[in-house]
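Right, one structure below, let's go through it.
The values are calculated or read from the model by the stated rules, or taken from the named source; none is laboratory data. As the structure is a prediction and not an experimental result, all values here were calculated from the model. Heads up, the Cβs are rebuilt from the backbone with ideal geometry, glycines too, and the neighbour counts pull from every protein chain shown.
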Amino acid sequence: MIKWQQAEGYPLTFFTEASIDLAEDDEMMRLMTEANFVTVFIGVESPNEASLRETKKFQNVRKGTLTEKVHTIQNAGLEVWCGMIVGFDHDDDSIFASQRRFIRESRIQHAMIGMLVAIPKTPLYDRLADEGRLDDSDKPACGTNVIPLRLSREELRDGYVRLMQDLYEPEAYFDSLDGLYLDDDFQYALPRGRYWRRHPLSWLKTQTISLVRFLYLYRRLTHDIPDSRLRQCYRTRLRGAVRRRPDPDMLLVYAIKCGMHYHHHTMATQMARRETDVVNSF
């Protein structure tokens, strides 16, 4: 795959899943970046060690902190997305602050957070059924069929919604994004840069396409978004990115992340205002 990518000018970009153990395999991370893998999704699940042991995620509690492991993967040139869950039996009302702190410190912009759900015909479902801790109504008002152990269902639902609001509050989201892509000079798709230095015409073509796409998204984000506060936020942040890292490829990624922010921010706001049902997991 690496040789084919090198010969063809890296036409394909890859996104994959892995365990946190990836942080301990320097050779695998090097090969992944050479093959033009740019993003990896990791099931972090929780910063609560007791909850990780409850779910038998033992690899997440070995050798160093989760934050350190995420930074190791990022420093290898791979952006990290993660999956997180709230509502484990060991979770109390402190879990929301713990998850918020972990996500911000680890510079993760895209955390797919959900409340624990018991799927039929699984050991979790059977155990909770035996304990009388399931609500199998077709559309539970709290967004999950699990009745938590150390939280009320309303506390779980409301804490989850507040967590999503906090993570996609514009200043928090973009401070995290800038911390990775601008402050730390994140090396996105590094092998393509080496290829383009040897093939300047290919570089010019690719950069022109990325610039046109960036300008299109810039126009949409700064003129078509209904919320004037968000339009101004995107305008300020995008112009800041242009000044600090004027690479068309990087700017296109930054603009796409603005669009993703709009989607998540809108959903979190609508849930908080009870304008829509609770959406369990982004």
Check: Taking the condition surrounded by 13 or more Cβ atoms within 10 Å (Cβ to Cβ), small (Gly, Ala, Ser) and in a helix (DSSP H, G or I), does Ala129 pass?
Finding: yes
Check: Which numbered condition trips up Lys57, out of (1) modelled with pLDDT of 85 or more; (2) touching a strand residue (DSSP E or B) at 6+ places or on another chain (Cβ under 8 Å)?
Finding: (1)
Margin query: Considering only region 189-197, I want to know if a residue exists there that is within 23 Å of Thr39 (Cβ to Cβ) and within 22 Å of the chain's Cα centre (by Cα).
Written below: yes
Check: Among the residues of region 24-41, which ones are more than 15 Å from Ala189 (Cα to Cα) and modelled with pLDDT of 95 or more?
Finding: Asp25, Asp26, Glu27, Met28, Phe41
Item checked: Leading residue by the ranking (surrounded by the fewest Cβ atoms within 10 Å (Cβ to Cβ)) among those in region 66-101 that are among the polar types (S, T, N, Q) and in contact (Cβ under 8 Å) with a residue 24 or more places away in the chain -> Ser98
Next item on the list: Kindly establish whether Leu217 is assigned to a helix (DSSP H, G or I), at pLDDT 95 or above and farther than 21 Å from Phe186 by Cβ.
Entry: no
Notebook entry, point to check: So which residues in region 33-50 are under 22 Å from Val253 (Cα atoms) and in contact with a helix residue (DSSP H, G or I) (Cβ under 8 Å, 6 or more places away or on another chain), if there are any at all?
Noted result: Thr33, Glu34, Ala35, Asn36, Val40, Ile42
Margin query: So the check is Cβ under 8 Å with 6+ separation or different chains; which pairs have a first residue in region 1-28 that's among the aromatic types (Phe, Trp, Tyr) and a second one that's in a loop (DSSP other than H, G, I, E, B)?
Written below: Tyr10/Asn36; Tyr10/Ala189; Phe14/Ala35; Phe14/Asn36
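Each row is one residue, and each column tells you yes or no for (1) buried (at least 18 other Cβ atoms within 10 Å of the Cβ); (2) part of a helix (DSSP H, G or I).
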residue: Leu163; (1), (2): yes, yes
residue: Tyr181; (1), (2): yes, yes
residue: Gln187; (1), (2): no, no
residue: Leu204; (1), (2): no, yes
residue: Arg235; (1), (2): no, yes
residue: Asp249; (1), (2): yes, yes
residue: Tyr254; (1), (2): yes, yes
residue: Ala268; (1), (2): yes, yes
Notebook entry, point to check: Looking at Leu156, Leu177, which one is farther than 30 Å from Gly77 by Cβ, surrounded by 19 or more Cβ atoms within 10 Å (Cβ to Cβ) and either among the hydrophobic types (A, V, I, L, M, F, W, C) or in the same structural domain as Ala268 (by TED's automatic domain parsing) (or both)?
Noted result: Leu156
Item checked: Check on Ser51, among the small types (Gly, Ala, Ser) and in contact (Cβ under 8 Å) with a residue 24 or more places away in the chain -> yes
Note to self: Between a residue in region 176-202 that is of a type outside the set (Gly, Ala, Ser) and any residue that is surrounded by 13 or more Cβ atoms within 10 Å (Cβ to Cβ) and modelled with pLDDT under 80, which pairs come within a Cβ distance under 9 Å, given they are 6 or more apart or on different chains?
What the structure shows: Leu180/Phe186; Tyr181/Tyr188; Gln187/Gly193
Next item on the list: Could you grab me the full set of residues in region 39-54 that are surrounded by fewer than 18 Cβ atoms within 10 Å (Cβ to Cβ) and among the hydroxyl-bearing types (Ser, Thr, Tyr)?
Entry: Thr39
